[in-house]
1. Compute and list, largest first, the equivalent-ellipsoid semi-axes of the range 129-198 from the alpha carbon gyration tensor, each √(5λ) rounded to a whole angstrom.
2. Which aspartates and glutamates, on any chain, are close to residue 233 with Cα under 16 Å apart, when same-chain ones fewer than 8 places away are left out?
3. Choose one answer from 105, 276, 20: the residue with the largest mean-square fluctuation in a GNM of the chain with alpha-carbon springs under 10 Å.
4. Express the accessible area of the chain per residue in Å², computed with a 1.4 Å probe while the remaining protein chains stay in the model.
5. Please report, in cubic angstrom per residue, the volume enclosed by the convex hull of the alpha-carbon atoms of the chain.
6. Quick check: residue separation of residue 267 and residue 190 times 0.36 nm, minus the Cα distance between them. What number comes out in nm?
7. With a 10 Å cut-off between alpha carbons and a GNM built on the chain, which of 152, 48, 34 moves the most?
8. Hey, what did the chain get for relative contact order, percent, Cα under 8 Å, at least 6 apart?
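The values are calculated or read from the model by the stated rules, or taken from the named source; none is laboratory data. Note that the coordinates shown come from a computational prediction; the quantities given were computed from them, not determined experimentally. A quick note on method: Cβ atoms are made from the backbone with ideal geometry, for glycine too, and the neighbour counts reach across all protein chains shown. With ligands, DNA and RNA removed, areas are computed over all heavy atoms of the protein, side chains included. Shrake-Rupley method; radii C 1.70, N 1.55, O 1.52, S 1.80 Å.
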Amino acid sequence: MNKAASQKPAGLWVSKTVVRVLLLLWTLIVLYPVFWTFVTSLKNNQQVMLGKPWDFPSVFHFENYANVWSRAHFGSYFMNSILVTAGSTILSLALASMTAYILARFSFKGRGLMYFIYVASMMIPTTLGLIPLFFLLSDMHLSNSLLGLTLVYSVGTIGILPLGIFFLVGFYKTLPRELEEAATIDGSSFSGTFLRIMLPLSSPGMVTVGIMNALTVWNEYIMATVLINDPMKYTIPVGIAVMQGEMQYRTEWGPLFAGLSISMIPVIVMYVIYQRQITGGLTAGALKG
C-alpha cells in the first residue's frame, strides 16, 4: 500500500517533468524565429549577407527602424492596419453579439436555418468571394478604400463574425432567464436589458472573439491585395510584400526585417496583455457550449 502510494507521486513527477521539458522545447522552437527576426533587423547588409545568420551584430543599426518607417511608408501601412483592424473588430463584435443574443434567447420561425447558415459560412473559402466582392464594392463606390475593406472584414468569412456568433450563442444560452424577467419588471426595455445586463455578462467571450478577429484581420493579405490598389492605402501584409519585392533587389535586408519586427509588436503585446482573457474565454466557451 505504502509502496504503491510512493510510486504514484514519483510517476506523477516524472510525467509532469517530461511535459514541462517538451513544452519548453516547443517554446524555444516557436520563439527562435521571432528572436532571429529582431536580431536581423539590427544588422546592415554586410552583416546579413556575409555573417552567420545566428550571430549578433557587431554594431546595432537602430536606424533601420527609422528608415523603414519614413522612407518605405511603413508608417502609413501601420496606421492603415490599425484603422481597419479596430473598425472591423468593433463592428464585427457589435453584429455578432446582437445576432447571437437573438438566436440564443428567442424562438421564431427559421431560427435554426439562420443559425445553420451562419455556421456553414465558416466553411466557404475566402477566395470564392473575391470577384463578387470586388464588383459589389465597385457598384457601392467603396472599392480601393479602407472603409470598404473594413466592411468586408466585418461581415465576410475572413472576419470572425460567423465564428463569433457560434461562440457567443453558447454564452447567452446559459444565462438565466430570470435576469431578463427581473429587468422587464423593473421597466427595462429590450435594448436596455441587452446593453446593461446581457452584454456585460458575455464579456469573457467578447474579449476572446475580439482578439481573434483583430489577429485575423491584422495578418490578412489576399483581400487587401485584391481590393486595394493605392500604395498609400496598403495594410501591413501588403506593404511588407511590396517592400520584399523592392528591397531584395536593393539589398536592404535590415529595414525589411525591421518592418517585420514592427508588424509583430502589436500582436505580441496584445497576447501578453490579454493571454488570461483568451484562455479563460476559450475555456468558458467550451464549457458553456
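1. Here the semi-axes work out to 38, 15, 8 Å.
2. By straight Cα distance, residue 233 reaches 220.
3. With Cα springs under 10 Å in the chain, the top fluctuation among 105, 276, 20 is at 20.
4. Details: 16950 Å² over 289 residues.
Value for the chain: 59 Å² per residue.
5. It comes to 213 Å³ per residue, whole-number rounded.
6. Details: separation 77, 0.36 × 77 = 27.72 nm, distance 3.67 nm.
Full-extension gain reported as 24.1 nm.
7. With Cα springs under 10 Å in the chain, the top fluctuation among 152, 48, 34 is at 34.
8. RCO, the chain: 30 percent.
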